[in-house]
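Just below is one structure, and these are the notes that go with it.
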Amino acid sequence: MGRDASSSDEDDTLIHQNDTKSDSTPQRRSHFEFDMEDFQTRVPARRFNVSFNRRCLIVIVIPLLILVLFFFTDIRSVFSSRFFTLKLGSLDDRVRESELRALYLLKQQRLGLFSMWNRTLGSLANHTSSPSAVNSSETQLSDRLFEDFKAEVLKQISLNKEIQDVLLLPHQSGNLSLETDGSDIGNPSFGGFSLDRCKKVDQRFSERRTIEWKPKSDKYLFAICLSGQMSNHLICIEKHMFFAAVLNRVLIIPSSKVDYQYNRVLDIKHINECLGRSVVMTFEEFYDKKNHLHIDRFFCYFSLPQNCYVDDDHVKKLKGLGISMGKLESPWIEDVKKPSKRTIQDVQTKFSSNDDVIAIGDVFFADVEQELVMQPGGPLSHKCKTLIEPSRLIMITAQRFIQTFLGKDYAAFHFRRHGFLKFCNAKKPSCFYPIPQAADCISRVVEKANTPVIYLSTDAAESETSLLQSLIVVNGRVVPLVMRPARNSAEKWDALLYRHGLDGDSQVEAMLDKTICAMSTVFIGASGSTFTEDILRLRKDWGSASVCDEYLCQEEAPNFIADNE
């Protein structure tokens, strides 16, 4: 603007100077002006012809140029920039991709509706085919079918909404959206019903029936647990706690020289704190307290196939601790293969004694007040969620692993394989499933729970887990299986175990696996495994159990079973 203004000023000045000169000096005609005027007077007709021809040429050429451009040139490329062309192409790709995605989702919606239709009709047909069962289970079946129906319909409505979002996505620009989230007039009301099909189980802790454990300080019960691995022994210890409460005795946890190192996986002090009194002690504490270690009476809960389920080797180990004992005795005939249902009164009648130290073994298979024992939180009155739970170090390590690898929402799967084929095939029906069938069952649960990852606790070979991973697909996406990695100093989630000398301990790692599984959104277990049963106990006691928790391929037989040897 400055430059334009100065040019204007100079022009004005020049015009002013010329005006001044014309006033002061007489006007003279130059030779150039004389020639031009003479020329114009001599050839006026030629000048007119040239101007006319130029105008005609312009009138003719311009339309021809427009026609050439129209037929031989891409108008969009002429009038649009390169950037705009690329943008249009990108929009086309996005529209095409969105439409293909929408078609896939529509197909999934159709399959979901058909599946719901077939399951509902099939369940109703099976239900009406057995009139004797109608009265006893009609209400329960109707409620379950109605809940499944509501959940499935809501799922399909949500899927439809997702399709709409996908189709609208390419047409959204900036902050402008073609729909208002949650404010559409056409949005239906679900009456407070949510899509959370895997909600937590209401354990009704306020309705628990419990008994008090107030032991006499000088009366002891020596726990004998021999059956199976650590999970079996933990169940045995829990039942011994119930026996000790019924008999008003302090429970002595077995020594690691004849059993597992319970103090590495359990917090023994936690049990006493929960009850507000000393009810359990380790063998080492008992050893320091008593000058002479003698089991006054050694009761055998089971008499068949052998007394106490105790072999000579275990008796030798007990005597090696400096423990003396009388002969094994059984107050009744009880077969470990066919345990009888017993009551609290039965236990008090058969196992009460005025002796200071008694032992009862093995009670893992004992069937005493099962309804009372198996309720959430257990049969004993206490102020905690559960009495037998992982140690504080294992709990924190599990939480750190979840924060590092899994996040809040994840499924957990206990996949027992080693030594399970022969065990399961001896059962009717078998519980050993081919990998593809197992993958289908897992995918159904994960889709229902809507979890992004699966924590895998397994003893399976890599060949099996790799195949399993490739087959678990939900809504066109492979759901990753996460396992605990080998120790890496760069990872700090397991630093506590390392600092306390617990890393590499197989029982600690097993308890860590249980803890991670017990904290999951939904859990899939192995039928017949006490490892799974202990996880289910923790989930029930902690209040983390889901209505979607189930055994692998529950109520479904393997699609192929090998012959017996």
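The values are calculated or read from the model by the stated rules, or taken from the named source; none is laboratory data. Not measured: the values here are computed from a predicted model. Every residue, glycine as well, gets a Cβ built from its backbone with ideal geometry; the counts of neighbours run over all protein chains shown. Accessible surface is based on the protein model in full, side chains and every heavy atom, while ligands, DNA and RNA are left aside. Shrake-Rupley method; radii C 1.70, N 1.55, O 1.52, S 1.80 Å.
For the pair Ile344 and Asn559, the difference between a 0.36 nm per residue extended length and the Cα-Cα distance amounts to 73.0 nm.
Based on the Kirkwood radius over alpha-carbon pairs, what value in µm²/s does the Stokes-Einstein equation return for the translational diffusion coefficient of region 272-331 at 25 °C and 0.890 mPa s? My calculation gives 182 µm²/s for D. Here the label points at Ala461 and Ser227, each 7 Å from Cα along the C-beta direction, are separated by 3.2 nm in the simple model. Asn488 to Val95: FRET efficiency via 1/(1 + (r/R0)^6), r the Cβ-Cβ distance, R0 35 Å, to the nearest 0.05? It comes out at approximately 0.15. Label separation (Gln156 vs Phe205): 4.0 nm, computed from points 7 Å beyond Cα along the C-beta direction.
A 1.4 Å probe, protein heavy atoms only, puts the accessible area of Ile163 near 10 Å². Where in region 419-437 is the amide nitrogen less than 13 Å from a point lying 7 Å along the Cα-to-Cβ axis of Arg477? None, by backbone N distance to the label point. On a straight-distance basis, which lysines could pair with Lys337 in a cross-link, Cα separation under 24 angstrom, same-chain partners fewer than 8 positions away excluded? Candidates past the 8-residue exclusion: Lys239, Lys327, Lys350, Lys422, Lys427, Lys428.
Note on region 480-565: percent of Cα-Cα distances in each 5 Å bin, starting at 0 and stopping at the bin with the largest distance, equals 3, 11, 18, 18, 16, 14, 11, 5, 3, 1.
When Rg is the radius of gyration of the Cα atoms in region 400-470 and Rh is its Kirkwood radius, what does Rg/Rh come to? Let's see the in-between values first.
Numbers: Rg = 13.6 Å, Rh = 13.5 Å.
Ratio of gyration radius to Kirkwood radius: 1.01.
Would you mind checking region 285-328 for residues with the amide N under 15 Å from a putative spin-label position 7 Å along Cα→C-beta of Asn248? So the set is empty, nothing qualifies. How about Lys290: which lysines have a C-alpha closer than 18 Å to its C-alpha, ignoring those fewer than 8 places off in the same chain? Counting by Cα, and skipping residues close in sequence, Lys290 has these lysines nearby: Lys216, Lys219, Lys319.
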